[in-house]
1. A128: open to solvent by less than 40 Å² (accessible area, probe 1.4 Å) and more than 25 Å from V2 (Cα to Cα), yes or no?
2. Might you let me know whether segment 51-65 holds any residue that is buried (at least 16 other Cβ atoms within 10 Å of the Cβ), part of a helix (DSSP H, G or I) and in contact (Cβ under 8 Å) with a residue 40 or more places away in the chain?
3. Can you work out which of the residues in segment 151-206 that are touching a Leu at 6+ places or on another chain (Cβ under 7 Å) and small (G, A, S) is farthest from C47 (Cα to Cα)?
4. State whether one or more residues within segment 80-94 are outside the structural domain of D205 (by the TED database) and in contact with a Ser or Thr (Cβ under 8 Å, 6 or more places away or on another chain).
5. Go through segment 157-182 residue by residue and tally those that are within 22 Å of D92 (Cβ to Cβ) and at pLDDT below 95.
6. Considering only residues that are open to solvent by 40 Å² or more (accessible area, probe 1.4 Å) and hydrophobic (A, V, I, L, M, F, W, C), look in segment 109-120 and name the one that is farthest from the chain's Cα centre (by Cα).
7. Which of the residues that make up segment 66-85 are among the small types (G, A, S), open to solvent by 20 Å² or more (accessible area, probe 1.4 Å) and over 18 Å from the mean Cα position of the chain (by Cα)?
8. Please indicate, with yes or no, whether at least one residue in segment 149-158 is out of contact with any Ser or Thr (no Cβ under 6 Å at 6 or more places or on another chain), more than 22 Å from D217 (Cα to Cα), of a type outside the set (K, R) and in contact (Cβ under 8 Å) with a residue 60 or more places away in the chain.
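The values are calculated or read from the model by the stated rules, or taken from the named source; none is laboratory data. All figures in this text were calculated on a predicted structure; none of them were measured in a lab. Ideal geometry is used to build each Cβ from the backbone, glycine not excepted, and the neighbour counts take in all protein chains shown. Protein only, heavy atoms only, side chains kept; ligands, DNA and RNA dropped before computing areas. Shrake-Rupley method; radii C 1.70, N 1.55, O 1.52, S 1.80 Å.
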Amino acid sequence: MVDIGPAHRRPVADALRDGLLPMHRRPDVAERIRDVFLATAIPGIVCTPKAPLPDGSIQIGVSFPFREDGVRVRSAVALPRSGVVGIHTPWDIAGRIGSGDFPAAGELLELAGLGQVHGVAVGLFGSAALQALTGLPYMESSSDIDAVVVARSAAGLRAFHAALADVAKRHNRKYDVEVAAPGGLGIKLTELVSDVAAVAGRGMDGVRLVDRRRVLDEIDTLPPLGPAP
């Protein structure tokens, strides 16, 4: 996620309407998101461009802490690179959560602690990350927890996955965990610890199939984790 500089927040706010989902392109929604964006420090979420961008720009998504017609209100806009004044990795965000910060903070701290037990660094994105970063009510009782993890041991990943099943059952929550694999690909944890031969690796340039066992072997040969992945 990126912080957007003061000089760029109004141009981004003015562009939000055109980036809304078609179902949300109504004057009342457009006015509401513009007002909320200008009044709060909602960050941008760097994402894959859907169309050609102006030179020197990146694609960001902007997600809001409310829904319309049961669907999270989101927009996508282009942001000049000069408009980025701060960067937050998933691991940075997970590390800033304090006990009692918000209703699900304890659960997220438990998730991070579970990773420490099994040698897995846990980062957050999605609604949990936005809640932790902004303090706005992104998380709902039915919200999934989206996490990304880095590991240096296939055995540690398997143990983390098995323990996570107990945590999910206890909290009645779905955890959608992606492994940041060597080579910059993201692979679903449930796929990586399964028995399939090939898994889907997701990158900024698209999705491709990769050999599951080879990925696990590469994880086992990586150097130990430092303070941050």
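1. Details: open to solvent by less than 40 Å² (accessible area, probe 1.4 Å): yes; more than 25 Å from V2 (Cα to Cα): no.
Considered against the rule, which asks whether it is open to solvent by less than 40 Å² (accessible area, probe 1.4 Å) and more than 25 Å from V2 (Cα to Cα), A128 comes out as no.
2. Within segment 51-65, none of the residues are buried (at least 16 other Cβ atoms within 10 Å of the Cβ), part of a helix (DSSP H, G or I) and in contact (Cβ under 8 Å) with a residue 40 or more places away in the chain.
3. Here the residue is A163.
4. Scanning segment 80-94 turns up at least one residue that is outside the structural domain of D205 (by the TED database) and in contact with a Ser or Thr (Cβ under 8 Å, 6 or more places away or on another chain).
5. Qualifying residue count, segment 157-182: 2.
6. That would be V117.
7. Within segment 66-85, the first condition is being among the small types (G, A, S), and the residues that meet it are 70, 75-76, 78, 82-83.
Filter again for open to solvent by 20 Å² or more (accessible area, probe 1.4 Å), leaving 70, 76, 78, 82.
Passing the criteria: G70, A78, S82.
8. Here is the first cut: in segment 149-158, the ones out of contact with any Ser or Thr (no Cβ under 6 Å at 6 or more places or on another chain) are 149-158.
If we keep only those that are more than 22 Å from D217 (Cα to Cα) too, we end up with none.
Within segment 149-158, not a single residue is out of contact with any Ser or Thr (no Cβ under 6 Å at 6 or more places or on another chain), more than 22 Å from D217 (Cα to Cα), of a type outside the set (K, R) and in contact (Cβ under 8 Å) with a residue 60 or more places away in the chain.
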